[in-house]
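Single-structure report; data block below.
Each value in this text was obtained by applying a stated rule to the coordinates, not by laboratory testing. It should be emphasised that the depicted structure is a prediction, and the values quoted were computed from it without experimental measurement. Cβ sites come from the backbone with ideal geometry, for glycine too, and all protein chains shown count toward neighbours.
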Amino acid sequence: MKRPPPRDDAAAAGSSGGGGGFKKGNGRWGGKKRNEQRLGGSGGALSLAAFANAKSRNTGYNPALIKKQKEFYRNAKLISKYKRSRKQQNQSNYTPQVPTCEEGDVDAEDEPKTHDKRKKRTSQSLKVEYEKKRLEDEKAKKERDAIIQAKKEEREKSEAKRKELREKMFKRTRSGQPVMKYRIEHLLETALESSNK
């Protein structure tokens, strides 16, 4: 038994004489005709090619690609900011060589001394400042090393204690029951520690 051909809604609406009302499928997205065309014509059967390509049309929306592009632009922006800041740093760190004034120099004694905040540093004062900073850095490094060493020792101590406790807790009698002596000792120690705090 053959099926009757599909009815065209537009023809059915026109013959009924409804006129002017809302017609389903003729909206913003093109409606039934576009859908039929997308699925391979107005016939009742759907071709294999139309079925395979129905959902695989490229819409241009790929979230993974969009995410990748956003990350690329963000990285490019960060790199340009970094380069700009490095350039500014290099310009601010650049100081022209200042000739040092010796005690025997007559011109240096004749000029009146000005107390300017931007007083030019001599190479000797720069050396002293460098030595001072180096000593501070060495002292800070020694302190850091001492702290790291103390933490390491403390960690090793606690690990050894934990290992010993674990061995005691895993001890069993011949029948397979846990040895209660060590468990009771552990409970007593924890109770004493909590009461001391």
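Rounded to 0.05, the FRET efficiency of the Ile148 and Asn62 pair, given R0 = 45 Å and the Cβ-Cβ distance, is 0.40. For Lys77, neighbours were defined as the other residues whose beta-carbon sits under 12 Å from its Cβ, and their charges (Lys and Arg +1, Asp and Glu -1) total +4. The Lys133 and Arg86 beta-carbon pair, evaluated with R₀ = 30 Å, returns a calculated FRET efficiency of approximately 0.85.
Summing +1 for each Lys or Arg and -1 for each Asp or Glu among the other residues whose beta-carbon sits under 14 angstrom from that of Glu156 gives +3. Amide H to amide H distances under 5 Å link Thr122 with no residue, where only residues 5 or more positions off or on other chains count and H is placed in the peptide plane.
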